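Asker: Got a structure here, written out as C-alpha coordinates. Questions coming.
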(Lines give C-alpha, C1' and ligand atoms only; values in the text may rest on other atoms or scores of the structure.)
Protein backbone atom coordinates (compact mmCIF):
# COMPACT_ATOMS: atom_id res chain seq x y z
CA UNK A 1 0.00 0.00 0.00
CA UNK A 2 1.54 3.32 -0.99
CA UNK A 3 1.19 6.55 0.94
CA UNK A 4 -1.84 7.75 -0.97
CA UNK A 5 -3.75 4.51 -0.46
CA UNK A 6 -2.94 4.71 3.21
CA UNK A 7 -4.40 8.17 3.47
CA UNK A 8 -7.51 7.09 1.59
CA UNK A 9 -8.01 4.36 4.08
CA UNK A 10 -8.20 6.91 6.87
CA UNK A 11 -10.97 9.39 7.55
CA UNK A 12 -10.16 12.99 6.59
CA UNK A 13 -10.82 14.33 10.07
CA UNK A 14 -9.73 13.14 13.47
CA UNK A 15 -13.06 13.90 15.07
CA UNK A 16 -12.20 13.05 18.62
CA UNK A 17 -9.14 15.26 18.77
CA UNK A 18 -10.96 18.14 17.00
CA UNK A 19 -13.86 17.89 19.44
CA UNK A 20 -11.55 17.74 22.40
CA UNK A 21 -9.97 21.01 21.30
CA UNK A 22 -13.30 22.83 21.39
CA UNK A 23 -14.74 21.24 24.48
CA UNK A 24 -16.85 18.56 22.80
CA UNK A 25 -19.39 20.85 21.16
CA UNK A 26 -20.27 19.13 17.90
CA UNK A 27 -22.45 21.88 16.46
CA UNK A 28 -19.66 24.37 17.06
CA UNK A 29 -17.33 22.03 15.19
CA UNK A 30 -19.63 22.10 12.16
CA UNK A 31 -19.78 25.90 12.37
CA UNK A 32 -16.00 25.89 12.27
CA UNK A 33 -15.89 23.50 9.36
CA UNK A 34 -18.26 25.83 7.47
CA UNK A 35 -15.95 28.74 8.14
CA UNK A 36 -13.06 26.58 7.00
CA UNK A 37 -14.89 25.58 3.82
CA UNK A 38 -15.63 29.18 2.84
CA UNK A 39 -12.10 30.19 3.61
CA UNK A 40 -10.75 27.21 1.71
CA UNK A 41 -12.56 28.05 -1.52
CA UNK A 42 -11.16 31.56 -1.49
CA UNK A 43 -7.66 30.39 -0.72
CA UNK A 44 -7.78 27.60 -3.23
CA UNK A 45 -8.53 29.92 -6.15
CA UNK A 46 -5.74 32.23 -5.01
CA UNK A 47 -3.45 29.22 -4.86
CA UNK A 48 -4.36 28.22 -8.39
CA UNK A 49 -3.51 31.73 -9.51
CA UNK A 50 -0.26 31.67 -7.61
CA UNK A 51 0.83 28.33 -9.07
CA UNK A 52 0.00 29.58 -12.55
CA UNK A 53 2.08 32.71 -11.95
CA UNK A 54 4.81 30.79 -10.18
CA UNK A 55 4.33 33.14 -7.26
CA UNK A 56 6.16 31.02 -4.70
CA UNK A 57 5.90 33.52 -1.87
CA UNK A 58 2.10 33.42 -2.04
CA UNK A 59 2.12 29.64 -2.32
CA UNK A 60 4.23 29.44 0.80
CA UNK A 61 2.04 31.89 2.69
CA UNK A 62 -1.29 30.34 1.75
CA UNK A 63 0.07 26.85 2.31
CA UNK A 64 1.12 27.92 5.74
CA UNK A 65 -2.29 29.41 6.49
CA UNK A 66 -4.17 26.35 5.36
CA UNK A 67 -1.83 24.16 7.33
CA UNK A 68 -2.73 26.09 10.48
CA UNK A 69 -6.50 26.01 10.10
CA UNK A 70 -6.43 22.38 8.96
CA UNK A 71 -4.44 21.47 12.03
CA UNK A 72 -6.90 23.25 14.28
CA UNK A 73 -9.72 21.10 12.98
CA UNK A 74 -7.55 17.96 12.97
CA UNK A 75 -7.93 17.67 9.19
CA UNK A 76 -4.86 15.53 9.15
CA UNK A 77 -4.49 14.96 5.42
CA UNK A 78 -5.30 18.50 4.41
CA UNK A 79 -2.76 19.62 6.97
CA UNK A 80 -0.13 17.36 5.43
CA UNK A 81 -0.82 18.51 1.86
CA UNK A 82 -0.85 22.16 2.96
CA UNK A 83 2.52 21.58 4.54
CA UNK A 84 3.81 20.15 1.24
CA UNK A 85 2.50 23.25 -0.52
CA UNK A 86 4.23 25.53 1.94
CA UNK A 87 7.45 23.59 1.44
CA UNK A 88 7.12 23.74 -2.34
CA UNK A 89 6.82 27.51 -2.04
CA UNK A 90 9.88 27.65 0.15
CA UNK A 91 11.87 25.43 -2.24
CA UNK A 92 10.48 27.17 -5.35
CA UNK A 93 9.56 23.70 -6.63
CA UNK A 94 6.87 24.20 -9.27
CA UNK A 95 6.30 20.52 -9.96
CA UNK A 96 5.75 19.78 -6.30
CA UNK A 97 3.43 22.79 -6.02
CA UNK A 98 1.30 21.60 -8.93
CA UNK A 99 1.14 18.08 -7.55
CA UNK A 100 0.25 19.32 -4.06
CA UNK A 101 -2.45 21.60 -5.39
CA UNK A 102 -4.07 18.64 -7.10
CA UNK A 103 -3.88 16.59 -3.92
CA UNK A 104 -5.29 19.51 -1.94
CA UNK A 105 -8.36 19.55 -4.15
CA UNK A 106 -8.76 15.77 -3.80
CA UNK A 107 -8.46 15.87 -0.05
CA UNK A 108 -10.95 18.70 0.23
CA UNK A 109 -13.49 16.78 -1.86
CA UNK A 110 -12.92 13.75 0.31
CA UNK A 111 -13.70 15.84 3.36
CA UNK A 112 -16.89 17.13 1.79
CA UNK A 113 -17.98 13.61 0.82
CA UNK A 114 -17.25 12.39 4.28
CA UNK A 115 -19.30 15.19 5.86
CA UNK A 116 -22.17 14.73 3.44
CA UNK A 117 -22.27 11.05 4.21
CA UNK A 118 -22.14 11.69 7.89
CA UNK A 119 -25.10 14.07 7.70
CA UNK A 120 -27.17 11.80 5.41
CA UNK A 121 -26.16 8.25 6.13
CA UNK A 122 -27.27 5.77 3.49
CA UNK A 123 -30.23 3.63 4.61
CA UNK A 124 -28.36 0.32 4.61
CA UNK B 1 -9.66 40.48 32.47
CA UNK B 2 -9.39 41.48 28.83
CA UNK B 3 -7.66 39.28 26.26
CA UNK B 4 -6.80 40.53 22.81
CA UNK B 5 -6.62 37.92 20.09
CA UNK B 6 -4.76 38.82 16.92
CA UNK B 7 -5.18 35.99 14.47
CA UNK B 8 -5.88 36.09 10.75
CA UNK B 9 -6.90 32.44 10.54
CA UNK B 10 -10.62 32.49 11.09
CA UNK B 11 -10.92 28.94 12.39
CA UNK B 12 -8.20 29.38 14.94
CA UNK B 13 -9.58 32.77 15.92
CA UNK B 14 -13.05 31.32 16.51
CA UNK B 15 -11.73 28.47 18.63
CA UNK B 16 -9.65 30.86 20.69
CA UNK B 17 -12.54 33.27 21.15
CA UNK B 18 -14.96 30.57 22.20
CA UNK B 19 -12.62 28.91 24.69
CA UNK B 20 -11.28 32.09 26.23
CA UNK B 21 -14.73 33.58 26.61
CA UNK B 22 -15.88 30.37 28.32
CA UNK B 23 -13.04 30.75 30.81
CA UNK B 24 -14.45 34.10 31.88
CA UNK B 25 -12.23 36.55 30.03
CA UNK B 26 -13.39 39.46 27.93
CA UNK B 27 -12.26 38.96 24.38
CA UNK B 28 -11.21 41.51 21.78
CA UNK B 29 -10.78 40.11 18.29
CA UNK B 30 -8.42 41.43 15.64
CA UNK B 31 -8.21 39.78 12.27
CA UNK B 32 -4.84 41.26 11.45
CA UNK B 33 -1.85 42.97 12.98
CA UNK B 34 -2.95 46.44 11.96
CA UNK B 35 -6.26 46.12 13.82
CA UNK B 36 -4.51 44.72 16.86
CA UNK B 37 -2.02 47.57 16.86
CA UNK B 38 -4.85 50.09 16.91
CA UNK B 39 -6.43 48.30 19.84
CA UNK B 40 -3.13 48.39 21.72
CA UNK B 41 -2.79 52.12 21.22
CA UNK B 42 -6.36 52.77 22.27
CA UNK B 43 -6.72 51.13 25.61
CA UNK B 44 -5.46 48.92 28.34
CA UNK B 45 -4.85 45.35 27.23
CA UNK B 46 -3.50 43.13 29.99
CA UNK B 47 -3.32 39.88 28.01
CA UNK B 48 -2.66 39.34 24.33
CA UNK B 49 -2.43 36.28 22.12
CA UNK B 50 -0.69 37.19 18.90
CA UNK B 51 -0.38 34.96 15.89
CA UNK B 52 3.15 34.98 14.59
CA UNK B 53 2.27 34.88 10.88
CA UNK B 54 0.00 37.73 9.86
CA UNK B 55 0.12 39.92 6.77
CA UNK B 56 1.57 43.46 7.12
CA UNK B 57 2.27 43.58 10.84
CA UNK B 58 3.13 40.12 12.12
CA UNK B 59 3.05 38.95 15.70
CA UNK B 60 6.74 39.50 16.18
CA UNK B 61 6.68 43.11 15.09
CA UNK B 62 3.49 43.73 17.04
CA UNK B 63 5.27 42.40 20.08
CA UNK B 64 8.18 44.81 19.58
CA UNK B 65 5.84 47.75 19.05
CA UNK B 66 3.82 47.01 22.17
CA UNK B 67 6.98 46.85 24.22
CA UNK B 68 8.01 50.28 22.94
CA UNK B 69 4.69 51.84 23.92
CA UNK B 70 5.13 53.76 27.14
CA UNK B 71 2.29 52.47 29.23
CA UNK B 72 1.44 52.43 32.88
CA UNK B 73 0.31 48.83 32.75
CA UNK B 74 1.85 45.61 31.53
CA UNK B 75 0.68 43.53 28.61
CA UNK B 76 1.42 39.85 28.90
CA UNK B 77 2.02 38.53 25.41
CA UNK B 78 1.64 34.95 24.25
CA UNK B 79 2.86 34.31 20.72
CA UNK B 80 0.91 31.78 18.75
CA UNK B 81 2.98 29.94 16.23
CA UNK B 82 3.02 26.86 14.13
CA UNK B 83 6.75 27.07 14.15
CA UNK B 84 8.42 25.14 16.86
CA UNK B 85 11.95 25.70 15.81
CA UNK B 86 14.12 26.76 18.68
CA UNK B 87 15.58 29.84 17.00
CA UNK B 88 12.11 31.18 16.22
CA UNK B 89 11.05 30.80 19.80
CA UNK B 90 14.17 32.60 20.96
CA UNK B 91 13.48 35.38 18.47
CA UNK B 92 9.98 35.69 19.90
CA UNK B 93 11.28 36.06 23.43
CA UNK B 94 13.83 38.63 22.27
CA UNK B 95 11.01 40.64 20.69
CA UNK B 96 9.39 40.82 24.11
CA UNK B 97 7.00 37.88 24.19
CA UNK B 98 6.33 36.38 27.61
CA UNK B 99 5.29 32.98 26.39
CA UNK B 100 4.46 31.06 23.23
CA UNK B 101 2.16 28.31 22.24
CA UNK B 102 2.50 26.05 19.23
CA UNK B 103 -0.47 25.53 16.92
CA UNK B 104 -2.59 23.49 16.94
CA UNK B 105 -2.71 24.31 20.60
CA UNK B 106 -3.89 22.12 23.38
CA UNK B 107 -6.86 23.74 25.10
CA UNK B 108 -5.90 22.85 28.64
CA UNK B 109 -2.39 24.07 28.07
CA UNK B 110 -3.61 27.36 26.66
CA UNK B 111 -5.86 27.82 29.65
CA UNK B 112 -3.03 27.18 32.06
CA UNK B 113 -0.76 29.58 30.20
CA UNK B 114 -3.40 32.28 30.25
CA UNK B 115 -3.77 31.80 33.98
CA UNK B 116 -0.05 32.24 34.38
CA UNK B 117 -0.32 35.42 32.35
CA UNK B 118 -3.16 36.68 34.48
CA UNK B 119 -1.15 36.00 37.60
CA UNK B 120 1.80 37.99 36.27
CA UNK B 121 -0.45 40.86 35.23
CA UNK B 122 -2.09 40.88 38.66
CA UNK B 123 1.32 40.99 40.32
CA UNK B 124 2.45 43.73 38.00
CA UNK B 125 -0.64 45.77 38.77
CA UNK B 126 -0.06 45.35 42.48
CA UNK B 127 3.47 46.58 41.98
CA UNK B 128 2.28 49.64 40.07
CA UNK B 129 -0.28 50.39 42.77
CA UNK B 130 2.34 50.07 45.46
CA UNK B 131 4.70 52.37 43.59
CA UNK B 132 1.98 54.98 43.23
CA UNK B 133 1.29 54.75 46.93
CA UNK B 134 4.95 55.08 47.74
CA UNK B 135 5.26 58.07 45.49
CA UNK B 136 2.32 59.64 47.22
CA UNK B 137 3.90 58.87 50.51
CA UNK B 138 7.27 60.28 49.54
CA UNK B 139 6.93 62.46 52.49
CA UNK B 140 8.42 65.80 51.72
CA UNK B 141 6.87 68.69 49.87
CA UNK B 142 9.60 69.81 47.48
CA UNK B 143 9.00 73.56 47.71
CA UNK B 144 8.51 74.14 51.41
CA UNK B 145 10.44 71.11 52.66
CA UNK B 146 7.47 70.47 54.91
CA UNK B 147 5.65 67.17 55.20
CA UNK B 148 3.41 66.69 52.18
CA UNK B 149 -0.30 66.16 52.43
CA UNK B 150 -0.30 62.37 52.65
CA UNK B 151 2.52 62.42 55.18
CA UNK B 152 1.02 65.03 57.50
CA UNK B 153 -2.32 63.23 57.50
CA UNK B 154 -0.59 60.01 58.38
CA UNK B 155 1.38 61.73 61.11
CA UNK B 156 -1.86 63.12 62.52
CA UNK B 157 -3.41 59.67 62.51
CA UNK B 158 -0.43 58.17 64.29
CA UNK B 159 -0.34 61.02 66.79
CA UNK B 160 -4.05 60.63 67.44
CA UNK B 161 -3.64 56.93 68.17
CA UNK B 162 -0.78 57.57 70.55
CA UNK B 163 -2.60 60.41 72.28
CA UNK B 164 -5.74 58.37 72.67
CA UNK B 165 -3.71 55.65 74.31
CA UNK B 166 -2.01 58.15 76.58
CA UNK B 167 -5.25 60.07 77.10
CA UNK B 168 -3.79 63.30 75.89
CA UNK B 169 -5.35 65.80 73.51
CA UNK B 170 -4.05 66.54 70.01
CA UNK B 171 -4.36 70.01 68.54
CA UNK B 172 -4.62 70.87 64.86
CA UNK B 173 -4.27 74.23 63.17
CA UNK B 174 -5.11 74.89 59.57
CA UNK B 175 -3.24 77.92 58.28
CA UNK B 176 -4.13 79.86 55.17
CA UNK B 177 -2.19 82.76 53.70
CA UNK B 178 -4.63 85.61 53.13
CA UNK B 179 -5.08 86.68 49.52
CA UNK B 180 -2.36 84.30 48.43
CA UNK B 181 -3.99 83.97 45.03
CA UNK B 182 -3.74 87.75 44.62
CA UNK B 183 -0.04 87.62 45.47
CA UNK B 184 0.50 84.99 42.79
CA UNK B 185 -1.65 86.78 40.26
CA UNK B 186 -0.13 90.21 40.91
CA UNK B 187 3.53 89.40 41.44
CA UNK B 188 3.88 85.99 39.81
CA UNK B 189 4.38 82.49 41.12
CA UNK B 190 8.03 82.97 42.01
CA UNK B 191 7.11 85.70 44.47
CA UNK B 192 4.29 83.48 45.68
CA UNK B 193 6.83 80.75 46.32
CA UNK B 194 9.09 83.16 48.23
CA UNK B 195 6.18 84.16 50.44
CA UNK B 196 5.24 80.54 51.07
CA UNK B 197 8.81 79.65 51.98
CA UNK B 198 9.23 82.64 54.32
CA UNK B 199 5.89 81.99 56.01
CA UNK B 200 6.78 78.35 56.65
CA UNK B 201 10.19 79.40 57.97
CA UNK B 202 8.59 81.78 60.50
CA UNK B 203 6.00 79.20 61.53
CA UNK B 204 8.68 76.56 62.07
CA UNK B 205 10.48 78.89 64.49
CA UNK B 206 7.37 79.47 66.57
CA UNK B 207 6.04 75.96 66.99
CA UNK B 208 7.27 73.52 69.60
CA UNK B 209 9.97 71.11 68.57
CA UNK B 210 7.58 68.14 68.59
CA UNK B 211 4.88 69.87 66.51
CA UNK B 212 4.68 68.95 62.83
CA UNK B 213 3.84 71.16 59.86
CA UNK B 214 2.68 69.84 56.50
CA UNK B 215 1.51 71.35 53.28
CA UNK B 216 -2.15 70.47 53.19
CA UNK B 217 -3.22 72.25 50.01
CA UNK B 218 -1.85 74.97 47.71
CA UNK B 219 -1.34 77.63 50.40
CA UNK B 220 -2.93 75.74 53.28
CA UNK B 221 -0.70 74.35 55.97
CA UNK B 222 -1.71 71.82 58.58
CA UNK B 223 0.00 71.80 61.95
CA UNK B 224 -0.27 68.83 64.27
CA UNK B 225 0.30 69.66 67.93
CA UNK B 226 0.63 66.72 70.33
CA UNK B 227 -0.58 67.15 73.87
CA UNK B 228 -2.28 70.43 73.22
CA UNK B 229 -5.49 71.63 74.89
CA UNK B 230 -7.87 74.12 73.27
CA UNK B 231 -6.47 77.11 75.20
CA UNK B 232 -2.93 76.05 74.32
CA UNK B 233 -3.69 75.53 70.66
CA UNK B 234 -5.29 78.97 70.56
CA UNK B 235 -2.26 80.54 72.15
CA UNK B 236 0.13 78.91 69.68
CA UNK B 237 -2.08 79.85 66.73
CA UNK B 238 -2.07 83.45 67.89
CA UNK B 239 1.72 83.37 68.19
CA UNK B 240 1.96 82.09 64.60
CA UNK B 241 -0.42 84.74 63.29
CA UNK B 242 1.62 87.48 64.93
CA UNK B 243 4.95 86.09 63.70
CA UNK B 244 3.84 86.53 60.10
CA UNK B 245 1.94 89.84 60.20
CA UNK B 246 4.35 91.73 62.44
CA UNK B 247 7.06 92.01 59.80
CA UNK B 248 6.75 92.42 56.02
CA UNK B 249 8.25 89.75 53.79
CA UNK B 250 11.18 90.61 51.52
CA UNK B 251 10.59 89.51 47.93
CA UNK B 252 11.97 90.36 44.49
CA UNK B 253 9.00 92.68 44.10
CA UNK B 254 9.72 94.51 47.33
CA UNK B 255 8.34 94.19 50.84
CA UNK B 256 4.96 92.52 51.04
CA UNK B 257 2.56 92.60 53.90
CA UNK B 258 1.32 89.07 54.49
CA UNK B 259 -1.26 87.91 57.01
CA UNK B 260 -2.66 84.54 58.02
CA UNK B 261 -6.04 83.16 58.86
CA UNK B 262 -5.93 80.25 61.27
CA UNK B 263 -8.53 77.69 62.28
CA UNK B 264 -7.72 75.64 65.33
CA UNK B 265 -9.14 72.70 67.20
CA UNK B 266 -8.14 70.19 69.84
CA UNK B 267 -9.37 66.71 70.66
CA UNK B 268 -9.28 67.71 74.33
CA UNK B 269 -13.01 67.25 74.92
CA UNK B 270 -13.58 64.73 72.20
CA UNK B 271 -10.83 62.16 72.63
CA UNK B 272 -12.20 59.59 70.16
CA UNK B 273 -12.48 61.99 67.23
CA UNK B 274 -11.07 60.81 63.90
CA UNK B 275 -8.23 62.54 62.09
CA UNK B 276 -10.63 63.45 59.34
CA UNK B 277 -13.00 65.19 61.75
CA UNK B 278 -10.16 66.95 63.51
CA UNK B 279 -9.13 68.47 60.20
CA UNK B 280 -12.75 69.22 59.38
CA UNK B 281 -13.18 71.04 62.67
CA UNK B 282 -10.08 73.12 62.00
CA UNK B 283 -11.26 73.77 58.48
CA UNK B 284 -14.63 75.03 59.75
CA UNK B 285 -12.79 77.35 62.09
CA UNK B 286 -10.55 78.55 59.28
CA UNK B 287 -13.61 79.32 57.23
CA UNK B 288 -14.97 81.39 60.14
CA UNK B 289 -11.65 83.22 60.38
CA UNK B 290 -11.87 84.14 56.71
CA UNK B 291 -15.42 85.38 57.21
CA UNK B 292 -14.41 87.45 60.19
CA UNK B 293 -12.08 89.49 58.01
CA UNK B 294 -8.90 87.39 57.97
CA UNK B 295 -5.68 87.93 59.92
CA UNK B 296 -7.21 86.22 62.95
CA UNK B 297 -7.50 82.95 64.85
CA UNK B 298 -10.75 81.09 65.34
CA UNK B 299 -11.21 78.08 67.61
CA UNK B 300 -13.99 75.78 66.54
CA UNK B 301 -16.83 76.30 68.98
CA UNK B 302 -19.25 73.97 67.24
CA UNK B 303 -17.33 70.83 68.02
CA UNK B 304 -16.69 72.20 71.49
CA UNK B 305 -20.38 72.46 72.33
CA UNK B 306 -21.03 69.12 70.68
CA UNK B 307 -18.45 67.56 72.94
CA UNK B 308 -19.89 69.16 76.02
CA UNK B 309 -23.32 67.90 75.15
CA UNK B 310 -22.02 64.40 74.62
CA UNK B 311 -20.13 64.52 77.90
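Asker: Which of the following residues is within 24 Å of residue B:18 (Cα to Cα), assigned to a helix (DSSP H, G or I), more than 10 Å from every other protein chain (Cβ to nearest Cβ) and more than 16 Å from the chain's Cα centre (by Cα): A:115, A:19? So that I can check it myself, show each step before the final result.
Answerer: Details: A:115 fails: more than 16 Å from the chain's Cα centre (by Cα).
The conditions single out A:19.
Asker: Restricting to the range B:165-178, what's the tally of residues that are more than 17 Å from residue B:240 (Cα to Cα), surrounded by 15 or more Cβ atoms within 10 Å (Cβ to Cβ) and more than 27 Å from the chain's Cα centre (by Cα)?
Answerer: From the range B:165-178, those more than 17 Å from residue B:240 (Cα to Cα) are B:165-170; that's our starting set.
Then drop every residue that is not surrounded by 15 or more Cβ atoms within 10 Å (Cβ to Cβ), which leaves B:168-170.
Filter again for more than 27 Å from the chain's Cα centre (by Cα), leaving B:168-169.
Summing the residues that are more than 17 Å from residue B:240 (Cα to Cα), surrounded by 15 or more Cβ atoms within 10 Å (Cβ to Cβ) and more than 27 Å from the chain's Cα centre (by Cα) in the range B:165-178 gives 2.
Asker: Being at the interface with chain B (Cβ under 9 Å from one of its Cβ atoms) and not in a helix (DSSP H, G or I) is the filter here, so list the residues in the range A:68-85 that pass it. Quick ask: steps written out before the conclusion?
Answerer: First, pick out the residues of the range A:68-85 that are at the interface with chain B (Cβ under 9 Å from one of its Cβ atoms): A:68-74, A:79.
A:73, A:74 - these are the residues of the range A:68-85 that are at the interface with chain B (Cβ under 9 Å from one of its Cβ atoms) and not in a helix (DSSP H, G or I).
Asker: Just to check your reading of the model, which residue among A:30, A:36 is surrounded by fewer than 18 Cβ atoms within 10 Å (Cβ to Cβ) and in a helix (DSSP H, G or I)? Walk me through it before giving the result.
Answerer: On the way: A:36 fails: surrounded by fewer than 18 Cβ atoms within 10 Å (Cβ to Cβ).
It is A:30.
Asker: Also, I was wondering about something else. Could you tell me whether any residue of the range A:64-79 is in contact with a strand residue (DSSP E or B) (Cβ under 9 Å, 6 or more places away or on another chain) and either touching a residue at least 40 places away in the same chain (Cβ under 8 Å) or within 18 Å of residue B:9 (Cα to Cα) (or both)? Give the steps one after another, and end with the answer.
Answerer: First, pick out the residues of the range A:64-79 that are in contact with a strand residue (DSSP E or B) (Cβ under 9 Å, 6 or more places away or on another chain): A:68.
From the residues that got through so far, the ones that are either touching a residue at least 40 places away in the same chain (Cβ under 8 Å) or within 18 Å of residue B:9 (Cα to Cα) (or both) too are A:68.
Yes, there is a match, as at least one residue in the range A:64-79 is in contact with a strand residue (DSSP E or B) (Cβ under 9 Å, 6 or more places away or on another chain) and either touching a residue at least 40 places away in the same chain (Cβ under 8 Å) or within 18 Å of residue B:9 (Cα to Cα) (or both).
Asker: Specify which of the listed residues (B:129, B:124) is farther than 30 Å from residue A:20 by Cα, surrounded by fewer than 16 Cβ atoms within 10 Å (Cβ to Cβ), more than 14 Å from chain A (Cβ to nearest Cβ) and in contact (Cβ under 8 Å) with a residue 40 or more places away in the chain. So that I can check it myself, show each step before the final result.
Answerer: On the way: B:129 fails: in contact (Cβ under 8 Å) with a residue 40 or more places away in the chain.
Result: B:124 is the single residue among B:129, B:124 that is farther than 30 Å from residue A:20 by Cα, surrounded by fewer than 16 Cβ atoms within 10 Å (Cβ to Cβ), more than 14 Å from chain A (Cβ to nearest Cβ) and in contact (Cβ under 8 Å) with a residue 40 or more places away in the chain.
Asker: Quick one: in the range A:39-57, which of the residues that are within 11 Å of chain B (Cβ to nearest Cβ) and without any contact (Cβ under 8 Å) to a residue 60 or more places away in the chain is surrounded by the fewest Cβ atoms within 10 Å (Cβ to Cβ)?
Answerer: Of the range A:39-57, the ones within 11 Å of chain B (Cβ to nearest Cβ) are A:39-40, A:42-43.
Within this subset, residues satisfying the condition of being without any contact (Cβ under 8 Å) to a residue 60 or more places away in the chain are A:39, A:42-43.
Values: A:39: 16, A:42: 10, A:43: 20.
Among those residues, the one meeting the criterion is A:42.
Asker: Now a separate question. May I ask you to say which residue of B:268, B:238 is in contact with a helix residue (DSSP H, G or I) (Cβ under 8 Å, 6 or more places away or on another chain), in a helix (DSSP H, G or I) and either in the same structural domain as residue B:157 (by TED's automatic domain parsing) or touching a residue at least 60 places away in the same chain (Cβ under 8 Å) (or both)?
Answerer: Working: B:238 fails: in contact with a helix residue (DSSP H, G or I) (Cβ under 8 Å, 6 or more places away or on another chain).
Step by step, each of B:268, B:238 is checked, and only B:268 is in contact with a helix residue (DSSP H, G or I) (Cβ under 8 Å, 6 or more places away or on another chain), in a helix (DSSP H, G or I) and either in the same structural domain as residue B:157 (by TED's automatic domain parsing) or touching a residue at least 60 places away in the same chain (Cβ under 8 Å) (or both).
Asker: What pairs come up if the first residue lies in the range B:36-59 and is more than 13 Å from chain A (Cβ to nearest Cβ) and surrounded by fewer than 18 Cβ atoms within 10 Å (Cβ to Cβ), the second is at pLDDT below 95 and in a loop (DSSP other than H, G, I, E, B), and their beta carbons are under 6 Å apart, counting only those six or more places apart or on different chains?
Answerer: B:44/B:73
Asker: When you go through (1) at pLDDT below 90; (2) within 19 Å of residue B:260 (Cα to Cα); (3) touching a strand residue (DSSP E or B) at 6+ places or on another chain (Cβ under 8 Å) one by one for residue B:148, which number turns out not to apply?
Answerer: (2)
Asker: Quick one: residue B:167 ticks every box in (1) without any contact (Cβ under 8 Å) to a residue 12 or more places away in the chain; (2) over 19 Å from residue B:244 (Cα atoms) bar one, so which box is it?
Answerer: (1)
Asker: All but one of (1) away from chain A (no Cβ under 14 Å); (2) surrounded by fewer than 16 Cβ atoms within 10 Å (Cβ to Cβ) hold for residue B:117; which doesn't?
Answerer: Every condition holds for residue B:117 apart from (2).
Asker: Using the structure shown, decide if residue B:103 is within 14 Å of chain A (Cβ to nearest Cβ), in contact (Cβ under 8 Å) with a residue 40 or more places away in the chain and touching a helix residue (DSSP H, G or I) at 6+ places or on another chain (Cβ under 7 Å).
Answerer: Numbers: within 14 Å of chain A (Cβ to nearest Cβ): yes; in contact (Cβ under 8 Å) with a residue 40 or more places away in the chain: yes; touching a helix residue (DSSP H, G or I) at 6+ places or on another chain (Cβ under 7 Å): yes.
Answer is yes for this residue.
Asker: What number of residues in the range B:251-265 are touching a residue at least 24 places away in the same chain (Cβ under 8 Å) and over 18 Å from residue B:219 (Cα atoms)? Break it down into steps so the answer makes sense when it comes.
Answerer: Narrowing the range B:251-265 to residues touching a residue at least 24 places away in the same chain (Cβ under 8 Å): B:251-253, B:256, B:258-265.
After this cut, where a residue has to be over 18 Å from residue B:219 (Cα atoms) as well, the list is B:252-253, B:265.
Selection size over the range B:251-265: 3.
Asker: Go through (1) at pLDDT below 95; (2) part of a helix (DSSP H, G or I) for residue A:101 and report which single condition fails.
Answerer: Among (1) at pLDDT below 95; (2) part of a helix (DSSP H, G or I), the lone unmet condition for residue A:101 is (1).
Asker: Considering only residues of the range B:198-226 that are farther than 19 Å from residue B:259 by Cβ and in a loop (DSSP other than H, G, I, E, B), which is nearest to the chain's Cα centre (by Cα)?
Answerer: B:211
Asker: Right, another one. Would you kindly identify the strands (runs of 3 or more DSSP E) lying entirely within the range B:16-104 that contain at least 1 residues that are farther than 26 Å from residue B:125 by Cα?
Answerer: Values: elements: B:26-30, B:47-51, B:76-81, B:99-102.
Those strands (runs of 3 or more DSSP E) span B:76-81, B:99-102.
Asker: Looking at the range B:276-287, can you tell me whether even one residue there is more than 27 Å from the chain's Cα centre (by Cα), over 15 Å from residue B:174 (Cα atoms) and crowded, with 16+ Cβ neighbours inside 10 Å? Before the answer, list the steps.
Answerer: The first filter runs over the range B:276-287 and keeps only residues more than 27 Å from the chain's Cα centre (by Cα), leaving B:285.
Add one more test, that the residue is over 15 Å from residue B:174 (Cα atoms), and what stays is none.
No.
Asker: Given (1) surrounded by 17 or more Cβ atoms within 10 Å (Cβ to Cβ); (2) modelled with pLDDT of 85 or more; (3) more than 38 Å from the chain's Cα centre (by Cα), identify the lone condition not met by residue B:90.
Answerer: That leaves (1) as the condition not met.
The values are calculated or read from the model by the stated rules, or taken from the named source; none is laboratory data. Every value quoted in this text rests on a predicted model; they were computed, and no experiment measured them. We place every Cβ from the backbone using ideal geometry, glycine too, and count neighbours over all the protein chains shown.
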